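The values are calculated or read from the model by the stated rules, or taken from the named source; none is laboratory data. A quick note: this is a predicted structure, and the numbers were derived from the prediction, not measured. All Cβ positions, glycine included, derive from the backbone under ideal geometry; neighbour counts span all protein chains shown. Surface areas here come from the heavy atoms of the whole protein model, side chains and all, with no ligands, DNA or RNA. Shrake-Rupley method; radii C 1.70, N 1.55, O 1.52, S 1.80 Å.
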Amino acid sequence: MATRREPRFKLCRHLGVNVCGHPKALKRSDTKKASAAASAARAGQKVSQYGLQLMEKQKIKAYYGILERQFARYFKAAEKSSSDTTGTALLKALECRLDNLVYRTGFARSIRQARQLVTHGHILVNGNKVDIPSFGVKVNDVISLKEKTRTNPLVEENFNGFVSFSVPYLEKNKEQWSAKLIREPMREELPIEVNEILAVELYSK
């Protein structure tokens, strides 16, 4: 399985946003410089329109830990959406990936760690093992951790002590070591900083 392997903190500084979720990702001495450069890019200063569009696409890929071919596949599916704009449909589909929701639930501290939990068979969906990170979680699906994995010190620390996200579309149950997708996420609820419209413009050429 292909995965992103570039240095996470360096990527965050390059993009100017904390795409990996680590509290120290943007605390290096050159953070202000990186943030200023990213702000300049967003404002269109010394950056072409193509550069702006490319930056936003890179952010989406980094937030969800996907590669170019995967992005293209999700984009094509989003174009067919009849209920949402292409950009919103794209982000919703990515947000509802199993690895991402495992991360949002708090079983893992990063998308990479969440993906590892999934591929190693530690995650259940509606009581059944699912080891495909890109599995699309549906409304009312329940994501849970295998009983044997609940005694893992790292996972236990993550779930009980690490509060990374509190999103209204995901209902967590600490007693059951689970989370339920109670409804589709709304665009304004997604905990990401990205202009998906620019990314769509790039792919629509």
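Just a few scattered comments:
- E188 open to solvent by 80 Å² or more (accessible area, probe 1.4 Å), of a type in the set (D, E) and within 22 Å of K138 (Cβ to Cβ): yes
- Checklist (1) modelled with pLDDT under 95; (2) assigned to a helix (DSSP H, G or I); (3) surrounded by 22 or more Cβ atoms within 10 Å (Cβ to Cβ) applied to K10, failing item: (3)
- Consider region 79-100 and keep the residues that are aliphatic (A, V, I, L, M) and touching a residue at least 24 places away in the same chain (Cβ under 8 Å). The one that is surrounded by the fewest Cβ atoms within 10 Å (Cβ to Cβ) is A93.
- Per-region count, region 104-145, residues open to solvent by less than 10 Å² (accessible area, probe 1.4 Å) and of a type in the set (F, W, Y): 1
- Residue in region 51-68 that is out of contact with any Cys (no Cβ under 6 Å at 6 or more places or on another chain), farther than 22 Å from F165 by Cβ and aromatic (F, W, Y) present: no
- Any hit, region 168-191, residues being touching a strand residue (DSSP E or B) at 6+ places or on another chain (Cβ under 6 Å), within 24 Å of A78 (Cβ to Cβ) and assigned to a loop (DSSP other than H, G, I, E, B): yes
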